[in-house]
Amino acid sequence: MPITIPEELGAIGAERDAIMADMAEAIIPPAEKPYNVKTLEALAKALKRIADLLGVELEVEAYTEPSTTLDPQVQQFLLMIDRAAEDYGQPLPVDLEDLKSDAQLTTITAGLMELAADEGFADFLAGEPEEDMGGVEIEITRGRDGDEEEDVEEFDFASRMR
């Protein structure tokens, strides 16, 4: 039985997607010279490998000519992976705000390929905590009239990536 989404929710989702696309476009500037088709295709393949780790279907239309901008879906996914890589402790080698050339895009693609091959990153994306990546301890104090009990709760940022 297919799931139907009420029109109001569909409109809200479409509006949210448009806002995200605008944000991605504002963060990742157009290149100074058009990106080479082979460079764009290599980026798409690297992002596809990471999407496969997440179990996400990422379809990027084939680039047939040089372009100064990245596909909006590629921009959004790249922003998401940039944040995840930073949270993992291995940020991409070039800030997306500074991306302006084929050389920088190639460097980012190489960084993405390294992340895609990193089993620890795959576990991080899946939400499986890595041994040396401990959680943040949060101390919660409860009590009345000066009676205090201490509970320590582990907060695992990796589990939020699910």
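The values are calculated or read from the model by the stated rules, or taken from the named source; none is laboratory data. Computed from a predicted model, the values in this text were never measured in an experiment. Cβ atoms come from the backbone with ideal geometry, glycine included; neighbour counts cover every protein chain shown.
Structure above, values below:
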item	result
Which numbered condition Leu92 misses (of (1) out of contact with any Asp or Glu (no Cβ under 6 Å at 6 or more places or on another chain); (2) at pLDDT 90 or above)	(1)
Some residue of segment 54-76 being part of a loop (DSSP other than H, G, I, E, B), farther than 19 Å from Ala116 by Cα, at pLDDT 85 or above and among the aliphatic types (A, V, I, L, M)	yes
Scan of segment 33-53 for residues that are part of a loop (DSSP other than H, G, I, E, B) and in contact (Cβ under 8 Å) with a residue 60 or more places away in the chain, ordered by number	Lys33, Asn36
Conditions (1) crowded, with 17+ Cβ neighbours inside 10 Å; (2) among the β-branched types (Val, Ile, Thr); (3) more than 15 Å from the chain's Cα centre (by Cα): number failed by Ile108	(3)
Exclusive hit being closer than 23 Å to Ile27 by Cβ, at pLDDT 95 or above and assigned to a helix (DSSP H, G or I), set Met80, Met113	Met113
